[in-house]
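Reading through the structure tokens given below for one structure.
The values are calculated or read from the model by the stated rules, or taken from the named source; none is laboratory data. Computed from a prediction, not measured in an experiment: that's the story for all the values here. Positions of Cβ are backbone-derived with ideal geometry, glycine not excepted, and every protein chain shown enters the neighbour counts.
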Amino acid sequence: MTLLQLFISFIKIGAFSFGGGYAMLPLIEEEVVEVHGWITTPEYIDILAIAEMTPGPIAINSATFLGYKVAGFVGSAVATIGVVLPSFIIMSLIFVFVQRFKKSPYVNWIFKGIRPVVLGLIASAAVSVGGNTFVDLKSVLIAILLFVLVAFRDFNPIFGIILAGALGAILF
């Protein structure tokens, strides 16, 4: 039953999330933390940190890690297939009809309308994760330092992750 719930949850997340992995994060959190209670919020944040550092799309990495946490290797496969399947089906259908509709003003209007929604979902994920991640002044200072180094000083993001981990180990 857990595998079926896992599949349904992640197929729902994959089907109703537009804008990529970061837009899926609030839906993933709602399903796995609030609806099913499979993990806690701190565990979710840890999984996001690992999923972000791991090569590949964050939503797929998150689904894989969460599926493993909930139901082992099979759960990992079920969650990953669930989150990818809707996009695969939709993109396959779009590919078939792309030549017919690629110059349609209606299609352009739809995509222009979706953009603000995607931005809102990404902002929601940032607020949700940030609110649970920045627990004290030290964590805020580490985040600000890394943001400045990576955004304005051309600091390599991989070294940024290593530096943040080292600072976290030292300060906490």
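Tell me, yes or no, whether segment 31-50 has at least one residue that is within 30 Å of residue 112 (Cβ to Cβ), free of Cβ contacts under 8 Å to residues at least 40 places away in the same chain and touching a helix residue (DSSP H, G or I) at 6+ places or on another chain (Cβ under 7 Å). I'd like the intermediate steps shown before the answer.
Quick first cut of segment 31-50, residues within 30 Å of residue 112 (Cβ to Cβ) only: 31, 48.
Still in the running and free of Cβ contacts under 8 Å to residues at least 40 places away in the same chain: 31.
Filter once more, keeping what is touching a helix residue (DSSP H, G or I) at 6+ places or on another chain (Cβ under 7 Å): 31.
Yes, some residue in segment 31-50 is within 30 Å of residue 112 (Cβ to Cβ), free of Cβ contacts under 8 Å to residues at least 40 places away in the same chain and touching a helix residue (DSSP H, G or I) at 6+ places or on another chain (Cβ under 7 Å).
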Q: Out of the residues in segment 110-146 that are surrounded by 11 or more Cβ atoms within 10 Å (Cβ to Cβ) and basic (Lys, Arg), state the one that is modelled with the highest pLDDT.
A: 138
Q: Go through segment 8-30 residue by residue and tally those that are surrounded by fewer than 20 Cβ atoms within 10 Å (Cβ to Cβ) and either among the small types (Gly, Ala, Ser) or outside any loop (DSSP other than H, G, I, E, B) (or both).
A: 8
Q: Return yes or no: is residue 59 in a helix (DSSP H, G or I), within 17 Å of the chain's Cα centre (by Cα) and either modelled with pLDDT under 85 or not assigned by TED's automatic domain parsing to the domain that holds residue 126 (or both)?
A: yes
Q | Qualifying positions in segment 151-165 - part of a helix (DSSP H, G or I) and under 24 Å from the mean Cα position of the chain (by Cα) | A | 151, 157, 158, 159, 160, 161, 162, 163, 164, 165
Q.
For the condition farther than 22 Å from residue 27 by Cβ and not assigned by TED's automatic domain parsing to the domain that holds residue 57, what is the one hit in 172, 95?
A. 172
(Q) If residue 151 satisfies all but one of (1) touching a Phe, Trp or Tyr at 6+ places or on another chain (Cβ under 7 Å); (2) over 23 Å from residue 7 (Cβ atoms), what's the number of the condition it fails? (A) (1)
